[in-house]
Each structure stands twice: as structure tokens, then as C-alpha cells.
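Engineer: Sharing a structure, written as C-alpha cells. Questions coming.
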Amino acid sequence: MNFIIWIVIGGVIGWLASMVMKTDAQQGIFLNIVVGIVGAFLGGWLLAPLFGTGTINSDNFSVSSLLVSFLGAVILLGIVNLLRRGKIR
């Protein structure tokens with residue numbers, strides 16, 4: 001059951017991050033899920049030690065873990081935009 005929740009929350013986080021970074025028209029639901037989950041890993045590696053919290057990947061579904069995962073997804077999309085277009089947007 002945790003796996004299904006992980007996929008759904010990852011998809012929502014990826015979708016919200018793609019709306020913030022204005023890449024939603026280029027992504028489908030599968031890529032939103034990938035961005036949410038990989039962004040959560042990135043947020044866990046970069047931001048979780050700063051905030052002292054976990055991410056959605058560590059079975060920690062709190063507001064702070066959702067925020068760290070969301071910020072990681074936004075950072076991931078920023079890096080992808082920087083590499084693809086040469087600007088973050």
C-alpha cells in the first residue's frame with residue numbers, strides 16, 4: 001500500500017513542480033511521477049539535512065517532508081531546463 005501512496009504523492013509533487021516551472025505542457029503523467037520521485041531523492045540528499053526532516057521516499061508523510069520533496073522536484077526541473085535550454089525560466 002505504501003508503494004501506491006508513494007506513486008500518487010510523487011505524481012502530485014511532480015505535477016505541481018512542473019506547473020511552477022512551466023513545463024507542464026511538455027510532460028505526461030509518467031514523467032510527472034518520475035520527476036516527483038527523483039526530485040524527492042534530490043531533496044533528501046540536498047535539503048533534508050538542512051531542514052532536519054525526511055522525504056516521501058523515507059515513508060515520512062509529513063508537511064515538511066512534502067515540502068522538501070517538492071523543492072527537490074523544482075530544483076530537478078530547474079537543472080533539466082538549464083541543461084536543455086540554457087536558462088532556468
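The values are calculated or read from the model by the stated rules, or taken from the named source; none is laboratory data. Since this is a predicted model, take the numbers as computed values, not measurements. Please note: Cβ atoms are built from the backbone with ideal geometry, for glycine as well, and neighbour counts cover all protein chains shown. Ligands, DNA and RNA are stripped out before the accessible areas are found, and what is left, the full protein with its side chains, is counted by its heavy atoms. Shrake-Rupley method; radii C 1.70, N 1.55, O 1.52, S 1.80 Å.
Engineer: Only one of the listed values, [x] 31, 28, 20; [y] 35, 29, 20; [z] 34, 28, 16, was derived from the coordinates as Cα extents along the principal axes in Å; which label is it?
Structural biologist: The value matching this structure is [z].
Engineer: Moving on. Pull out the extension gain between D24 and W45, defined as 0.36 nm times the separation in residues minus the alpha carbon to alpha carbon distance; nm, one decimal.
Structural biologist: 5.1 nm
Engineer: Choose one answer from I37, I56, I75: the residue with the largest mean-square fluctuation in a GNM of the chain with alpha-carbon springs under 10 Å.
Structural biologist: Judging by the Gaussian network model, the answer is I75.
Engineer: Hey, can you find the accessible area per residue of the chain for me, probe 1.4 Å, expressed in square angstrom?
Structural biologist: So the chain comes to 59 Å² accessible per residue, rounded to a whole number.
Engineer: Please sort by residue number the chymotrypsin sites (Phe, Trp or Tyr not before Pro) in segment 29-89 whose DSSP state is loop and whose Cβ has at most 16 other Cβ atoms within 10 Å.
Structural biologist: Hits after loop and neighbour filter: F61.
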